[in-house]
């Protein structure tokens with residue numbers, strides 16, 4: 001075997017190993033399962049108080065990652081009816097846009113949830129405003145009790161992270177976020 005073939009073979013093997021590592025890092029490595037214990041429940045914002053409070057959930061599973069505030073996803077059911085939810089909790093005022101989840105977190109189908117929100121077969125509620133600066137937690141609920149939660153950037157976050165003037169109703173960004181521009 002010639003030195004050229006050995007060199008070419010080692011380059012191909014190295015490239016395949018690097019590709020495999022990059023795939024693993026993108027899809028698996030930076031996600032952790034979320035423990036939904038006391039203090040870390042799914043919350044929604046009541047119309048009356050405006051302060052997020054825990055809601056009833058069953059069969060919840062979720063993922064999150066420290067690399068980005070947008071990595072959070074959760075799937076669960078709630079015994080609360082849509083009419084009761086709409087009378088009690090604030091609807092999400094922005095355009096709800098579920099973020100895609102890694103394929104292995106197969107309970108969360110962002111494309112289907114987004115289509116159902118547009119069609120009105122699911123409704124979006126404000127879970128927690130400004131979970132971190134410029135990021136809201138949104139919960140989508142179906143009539144049969146299926147529900148999904150995710151983090152999405154809000155108008156304040158979009159303006160801030162794009163370096164534009166903040167809308168008038170936005171709080172001042174924290175000092176750490178100001179240095180990220």
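The values are calculated or read from the model by the stated rules, or taken from the named source; none is laboratory data. On a predicted model such as this, the values are computed, not experimentally measured, just so you know. Neighbour counts run over all protein chains shown; Cβ positions are idealised from the backbone, glycine included.
A few comments on the model shown:
- Selected residue (only one of 122, 67, 101 is touching a strand residue (DSSP E or B) at 6+ places or on another chain (Cβ under 6 Å) and under 20 Å from residue 31 (Cα atoms)): 101
- Options 41, 53, 33: the member that is in contact with a strand residue (DSSP E or B) (Cβ under 8 Å, 6 or more places away or on another chain) and at pLDDT 95 or above: 53
- Residue 21 over 22 Å from residue 132 (Cβ atoms) and at pLDDT 95 or above: no
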